[in-house]
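Take a look at the structure set out below.
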Amino acid sequence: MSKRLIIVGGGPAGYVAAIRAAQLGADVHLIEKEHIGGVCLNVGCIPTKAMLHVAETYQAVLNGNSIGICADNVNVEWPKVLAYKNSVVNRLVLGVQGLLKANRVTIHHGHATVRSPKSVELNGAEMEADSIVLAVGSEPSRPDFPGSDLPGLLDSTAALNLESIPESLIILGGGVIGVEFAVMFRNFGCNVTIVEMLPRILPGMDADIVEQFQIELARKGISILTGARLTEVSGNGSELCAHIDVNGQPIERTAEKMLIAVGRRPRINGIGLKETGVTVEHGRIVVDDCFRTSIPGIYAVGDCSSTMMLAHVGSAQGIAAVEHALGHTTAYVGHIIPACVYSNPEIASVGLTEEQARAQGIHFKTGVFPLAGNGKAIIESNGTGMIKIIAGSRHGEIIGVHIVGPRATDLIAEAALAMRLEATVTELVSTIHAHPTVSEAMPEAALAVDGLSIHWPPGMKHNQGAL
Ligand SMILES: Cc1cc2nc3c(=O)[nH]c(=O)nc-3n(C[C@H](O)[C@H](O)[C@H](O)COP(=O)(O)OP(=O)(O)OC[C@H]3O[C@@H](n4cnc5c(N)ncnc54)[C@H](O)[C@@H]3O)c2cc1C
């Protein structure tokens, strides 16, 4: 007889787990209280990328003069932008619903509460299963400061559905979500200020990459305050005033709207964890390497339990959890996770940064190849950006790759695969890459580890300008 599985949450962790479990022959019941696709499809990854795409296209047309595209009266028709974004979301949500149906996953609507290791309560009725997978996701963190309840303060969901493009926007938080919104709204013509408490934006990303990225943001006209702590927000009805302490100096910035993007927290209240005895630490469900919680039979995956709150992480964990629950061996490789910023330029990264490698006492060497030496990058983005490879100093094994520039978010897949296969820089170099592509910069960066790039002059530093 097939095993019965209940999966709570239909985001990228839950719906992917459901499909995989169905492939393995389980009788799968997926419970979702809002929308199939979760945060990612409905108010996260997909709508933001759709709007970033429109904003970037708008800028490309506005600045098309230099490449011979001359268009007058270029405007943004905001309702159409929102309609396009919604159409992409709806198409993907319908697609996932179709996939679940085609895999014979039963979808239930409502708020599920865990009642025992083998049962959940849904809409007043008890449902039983051999295993339960919690994939309940996360919600925006809401910091408390004077003025935090004023109208005009937005979370990311509200920022995706504004009635018009604000003239000015303050973004509290210079992490990935804050930066993506900053670039999107700036490209739509809004005046944007990022307020970040830490010494630099995008903490955790490679310092050289972020430095070059910040130069690009400044070139776009995005104002960045680092070492900046918001103390209060006041408002006069039409404008918000942010009171900020910048390295001990009080300053004020005004804007029409303010986006709070200081991170997300697991959404785990009111789902029966305490009553069932599932261990929670620092607001997160505790799991082991196989995504088992402290209660046998209950698994947790995705944002509700992971320190890396990314859709692809949740999906990979969902697959691993149901494979384990159904008695199969799993292959979750949690130390090679690409992380991307879908801004303009893009950033992508996998493996260790120099700082992390140093902290772990690893002996390494680095190779940097500026995209000013790559034909396709010059065609597409004026040669802005670079690839940095970090490799073990003895064998040249790749331990980290960091990219800023065009197509970075696609290029990073090659780096992740290289790391997964424990490839060395020599193997990257001897893999022939098509010309002209930005991917040619990957073997060039690998060659740079030994100072042997073909398309960059020997001895010239990566930040010494274009060829
Ligand atoms: C603006 C924004 C942009 C983002 N961009 C990216 C990106 O580009 N790339 C990326 O990898 N990640 C991105 N993320 C993060 C990504 O969206 C999350 O990591 C991902 O959605 C987590 O998936 P999940 O399945 O764990 O949870 P969620 O997507 O949060 O899904 C959880 C689901 O569970 C349901 N649920 C919760 N409790 C219950 C209950 N008791 N009963 C029934 N159903 C319940 C919820 O309604 C929800 O649908 C972004 C996030 C935001 C906010």
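If I ask for residues that are acidic (Asp, Glu) and within 14 Å of the ligand (Cβ to nearest atom), which ones from segment 103-130 would you list? Glu121, the sole residue that qualifies. I'd like the full set of residues that are surrounded by fewer than 23 Cβ atoms within 10 Å (Cβ to Cβ), small (Gly, Ala, Ser) and in a helix (DSSP H, G or I), limited to segment 173-222. Answer for segment 173-222, where residues must be surrounded by fewer than 23 Cβ atoms within 10 Å (Cβ to Cβ), small (Gly, Ala, Ser) and in a helix (DSSP H, G or I): Ala207, Ala218.
Filtering segment 363-382 to residues that are farther than 18 Å from Thr353 by Cα and out of contact with any Leu (no Cβ under 7 Å at 6 or more places or on another chain) leaves Leu371, Asn374, Gly375, Lys376, Ile378, Ile379, Glu380, Ser381, Asn382. Of the residues Gly361, Gly327, Gly334, which single one is of a type outside the set (A, V, I, L, M) and either touching a His at 6+ places or on another chain (Cβ under 8 Å) or within 16 Å of the ligand (Cβ to nearest atom) (or both)? Unique residue meeting the criteria: Gly334. Annotation note: of Ala55, Ala21, Ala26, the sole residue that is within 30 Å of Gly221 (Cα to Cα), out of contact with any Gly (no Cβ under 8 Å at 6 or more places or on another chain) and either within 15 Å of the ligand (Cβ to nearest atom) or open to solvent by less than 40 Å² (accessible area, probe 1.4 Å) (or both) is Ala55.
Within segment 300-329, the residues that satisfy the criterion of being under 12 Å from Cys290 (Cβ atoms) and surrounded by fewer than 17 Cβ atoms within 10 Å (Cβ to Cβ) are Gly327, His328, Thr329. For segment 279-299, check the following and say yes or no: at least one residue is buried (at least 20 other Cβ atoms within 10 Å of the Cβ) and of a type in the set (Gly, Ala, Ser). No, segment 279-299 has no match at all.
Going by what's in this entry, would Ser234 be described as under 17 Å from Leu154 (Cα atoms), of a type in the set (Ser, Thr, Tyr), open to solvent by 30 Å² or more (accessible area, probe 1.4 Å) and not in a strand (DSSP E or B)? No, not satisfied.
Quick grid of which residues meet (1) in a helix (DSSP H, G or I); (2) open to solvent by 40 Å² or more (accessible area, probe 1.4 Å):
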{"residue": "Leu99", "(1), (2)": "yes, yes"}
{"residue": "Thr113", "(1), (2)": "no, no"}
{"residue": "Pro146", "(1), (2)": "no, yes"}
{"residue": "Glu163", "(1), (2)": "no, yes"}
{"residue": "Pro166", "(1), (2)": "no, no"}
{"residue": "Ile171", "(1), (2)": "no, no"}
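The residue list Ala413, Ala359 contains one member that is of a type outside the set (S, T, N, Q), surrounded by fewer than 16 Cβ atoms within 10 Å (Cβ to Cβ), out of contact with any Ser or Thr (no Cβ under 8 Å at 6 or more places or on another chain) and free of Cβ contacts under 8 Å to residues at least 12 places away in the same chain, which is Ala359. The strands (runs of 3 or more DSSP E) found wholly in segment 312-398 and carrying at least 1 residues that are over 25 Å from the mean Cα position of the chain (by Cα) occupy 364-370, 386-392.
The values are calculated or read from the model by the stated rules, or taken from the named source; none is laboratory data. These numbers come from a predicted model, not from an experiment. Here the Cβ is made from the backbone with ideal geometry for all residues, glycine too, and neighbour counts use every protein chain on show. The accessibility values were calculated without ligands, DNA or RNA, using every heavy atom of the protein model including side chains. Shrake-Rupley method; radii C 1.70, N 1.55, O 1.52, S 1.80 Å.
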